[in-house]
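Comments concern the structure below.
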Amino acid sequence: MLEEYRIVGRRASDIAASVEEGVASGALAPGALLPPMRELAGVLGVNPNTVAAAYRTLRERGVIETDGRRGSRVRARPATAPRDELRMAVPAGVRDLTSGNPDVRLLPTLDDALAGAARRYAREPTLYGQDPVVPELARLARADFDADGVPAGAVAVTSGALDGIERVLAAHLRPGDAVAVEDPGWGSVLDLVPALGLRVLPVAVDDEGPLPEAVARALAAGARALLVTARAQNPTGAAVSARRAADLRSVLAGHPEVLVVDDDHGHGIVGLPLNVLGGVTRHWALIRSTAKAYAPDLRLALVTGDDVTLDRLRGRQRLGPGWVSRLLQYTVVELWNAGAVDRVAVARSYGERRDGLVAALAERGVRAHGRSGMNVWVPVADETAVVTRLLGAGWAVAPGSRFRVESGPGVRMTVSELSLPEVAGLADAVAAAVRPAAGGRFD
């Protein structure tokens, strides 16, 4: 059935990660038949429900498929766990709160910035062999990092936050290494980690960020990297507080070889201060995307970190794309110098809608989370039922299965296109569709 490959693990997430590792390495070929759940449970010495949960996770991620009595097999496709396939088609006339996109009305116009970038390019056309980072952009970015208390480090430019995360992980990790990842967390990261042949170790989250005890357990279990969303966490809106950052830094101090990655994709749209973890271990990186504040299509993120990490990132980048287009870098410089985004006003706009919805839900007895950013997370008992009921009421929300590993079910609502007069109606619909859940964690 599996020939020489041995599935291991005591928890559902570990069993699923073991199967994903086998698929990624080629030890489990497409079409390979997995053991029946009870049989595998007996071999591993776990409850059959644990194996059932692992198989369910693998099915949701697109790694395996189940055909009734014929059992479960590795799918005949790459195991990249495409969570985006869990997106639902939004019928005409239904309000779409699933996208995760910023409010286009809060994005700056690019006409003048693009024209300014073209003028810069005309004066100095980009040729092979030049510095991959526009010096002026590096100076602006470094000054911004300094203002936020980010440790000293050089600056690199990647094609968005996810590209930066991938390059930083690849700079230090090898297939089979474990990565501590927020749960619930960004679905694209939950896809990326196993696609790189790495293992996901889920870390529980509350409104102030990853729980220190959960991070400690992941590190004790062998995590070689920790990914943390500094602000505007997707999907929960969590933001790392100063107190939580101090606690996490204390935990990390005992693991100096662990790679720490701070994802600050919410820069420019969040009013809360940045509390970074990078710098307490030998290797670290902070990745700051321009997508949410300036334009997703700019595909540009600024990365800083320790010298070894940045050197490896830029060295590997030279062997691939070479550099991120200087035209795009010039455009960001133009936008930055022009003060094209009023960060305070943008943060206030998202905050009014997000906080308004959370408060309206609380008035109706529904617990919701949304400390920062543009998303609100509502724990529910049954995702499918809630999504279906809300769709019938004219609202499309994202199922939590796109964002979680072991945490409890929930739904995510993006407030960027929500108007304040719509808040009460949405809250009524959500209250009618869910049963309040107790507790303060997302499980």
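Just so you know, all these numbers are worked out from the coordinates, no wet-lab data involved. Not measured: the values here are computed from a predicted model. Cβ coordinates were reconstructed from backbone atoms using ideal geometry, including for glycine residues, and neighbour counts include every protein chain displayed.
From the coordinates of this entry, mean projected area of the Cα convex hull in nm² is computed, and it appears in [x] 19.4; [y] 21.9; [z] 23.2 under the label [y]. 3J(HN,Hα) couplings calculated from phi for region 269-277 with the Karplus curve 6.51 cos²θ - 1.76 cosθ + 1.60 (θ = phi - 60°) are, in sequence order, 10, 10, x, 6, x, 8, 10, 8, 9 Hz; Gly and Pro show x.
Taking other Cβ atoms within 10 Å as a rough exposure proxy, Thr236, Thr66, Thr309 sort from fewest to most as Thr66, Thr309, Thr236. What is region 174-313 by shape, rounded, prolate or oblate, if you read a ≥ b ≥ c off the alpha carbon gyration tensor as root eigenvalues and call it rounded for a/c under 1.5, prolate for a/b larger than b/c, and oblate otherwise? Verdict is rounded for region 174-313. Listed from fewest to most Cβ neighbours within 10 Å, the set Asp307, Asp262, Asp191 follows the order Asp307, Asp191, Asp262. In this calculation the C-beta distance from Glu352 to Ser25 is compared with R0 = 45 Å, giving a FRET efficiency of 0.40. For region 12-74, the ratio of Cα radius of gyration to the globular rule of thumb 2.2 N^0.38 Å stands at 1.00. Across region 292-301, coupling constants 3J(HN,Hα) worked out from phi with the 6.51/-1.76/1.60 Karplus curve, θ = phi - 60°, read 5, 8, 10, 3, x, 6, 5, 6, 9, 9 Hz, and Gly and Pro carry x. Two decimals is fine: what is log10 I(q)/I(0) at q = 0.15, 0.25, 0.32 Å⁻¹ for region 299-349, from a Debye sum with one equal scatterer on every Cα and no solvent? Here log10 of I(q) over I(0) equals -0.61, -0.98, -1.16.
When Val332, Val94, Val423 are sorted by how many other C-beta atoms sit within 10 angstrom of their C-beta, beginning with the fewest, the order is Val94, Val423, Val332.
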